[in-house]
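Notes follow once the structure below has been shown.
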Amino acid sequence: MNDTQAALSYTSYLSLDEVLNAQHPRSDEHDELLFIVIHQVYELWFKQVLHEALYLQEQLEAGNTAHATRTLRRILTIFKVVVAQIDVLETMTPSQFTSFRARLDASSGFQSAQFRVLEAVLGRRDERVFAHYPEGGDQRAQISDAMSRPSLFDSFTTYLAVKGYDVPTGRDVTKPLEPSPALQEVLLRVYRDDTGPSVVAEHLVDLDEGMQEWRYRHVKMVERTIGDKTGTGGSSGAHYLRTTLFSPMFPDLWAVRSRL
């Protein structure tokens, strides 16, 4: 080691100087710092979930049940933390948020490119999300790229094929997931076999439920904070968020439950 090279420390390893100086409130209001920190932490967790989801897809497509299961459990635990953070944000009253809301200008949570990429990884295919991202921009390209790749559920069906199940093929991965009676017959066999693939399937149901829980808690937080006001950045706020509720990401895994 070069004697002139600074020794690695906790602060340098975690880049704490950069992290702890990345909050720039635009008002003197006490609560704006909390708003910024919470959303920065969300983005860090989204980054981690995307990192885990890519690894999960690799493990599924390789037929690795143990590693896929452990990774799904990690993602599920992160989702619980993300949902729990809403409790902290809800300590802010509507008047406290209003005190600095105007300073947000056109910024909005709808512009979180990482969350849009995560939705795409989980199977969402909706070009309306591009409204917040200019053509030619890096964020738009990242979302578009995610929409063009196999989703997590596509990787799961590949996993089932590796495990010897006769999975229907030929799905256009750039299209939204639609219920498939043929695939549901395969899933019934998976559940009746009651082996590793059924455990993975149940964890995917947990993930779907966790995403729906996040959406529900998010919309209720918005409703209690700004009611039905227009969201920052001109979004429709709670009205739009309500339209996302109770829409499963993996419809086939829910459809088979009435036949189990």
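The values are calculated or read from the model by the stated rules, or taken from the named source; none is laboratory data. Only a predicted model underlies this, so the values are computations on that prediction, with no experimental measurement involved. Don't worry about glycine lacking a Cβ; one is built from the backbone with ideal geometry, like all the others, and counts go over all protein chains shown. SASA here: full protein model, heavy atoms, side chains in, ligands and nucleic acids out. Shrake-Rupley method; radii C 1.70, N 1.55, O 1.52, S 1.80 Å.
With respect to ARG192, is the statement that it is loosely packed, with under 13 Cβ neighbours inside 10 Å, over 22 Å from ARG116 (Cβ atoms) and of a type in the set (Lys, Arg) true? It would help to see each step written out before you state the result.
Working: loosely packed, with under 13 Cβ neighbours inside 10 Å: yes; over 22 Å from ARG116 (Cβ atoms): yes; of a type in the set (Lys, Arg): yes.
Yes.
Confirm whether ALA62 is surrounded by fewer than 15 Cβ atoms within 10 Å (Cβ to Cβ) and modelled with pLDDT under 95. Steps first, answer last, please.
On the way: surrounded by fewer than 15 Cβ atoms within 10 Å (Cβ to Cβ): yes; modelled with pLDDT under 95: no.
Here the answer is no, as ALA62 does not meet what is asked.
Helices (runs of 4 or more DSSP H) wholly in the stretch 92-185 with at least 1 residues that are open to solvent by 60 Å² or more (accessible area, probe 1.4 Å) and either at pLDDT below 95 or closer than 30 Å to ASP31 by Cβ (or both) - which ones? Step through it out loud before you land on a result.
On the way: elements: 94-101, 113-121, 138-148, 152-162.
Ranges flagged: 94-101, 138-148.
Take VAL222 and decide whether it is over 17 Å from the mean Cα position of the chain (by Cα) and either at pLDDT 65 or above or of a type in the set (D, E, K, R) (or both).
Working: over 17 Å from the mean Cα position of the chain (by Cα): yes; either at pLDDT 65 or above or of a type in the set (D, E, K, R) (or both): yes.
So VAL222 passes the test.
Has the stretch 75-86 got at least one residue that is assigned to a loop (DSSP other than H, G, I, E, B), open to solvent by 60 Å² or more (accessible area, probe 1.4 Å) and among the β-branched types (Val, Ile, Thr)?
So the first thing to find is which residues in the stretch 75-86 are assigned to a loop (DSSP other than H, G, I, E, B), and the list is none.
Checked against the condition, which is being assigned to a loop (DSSP other than H, G, I, E, B), open to solvent by 60 Å² or more (accessible area, probe 1.4 Å) and among the β-branched types (Val, Ile, Thr), the stretch 75-86 yields no hits at all.
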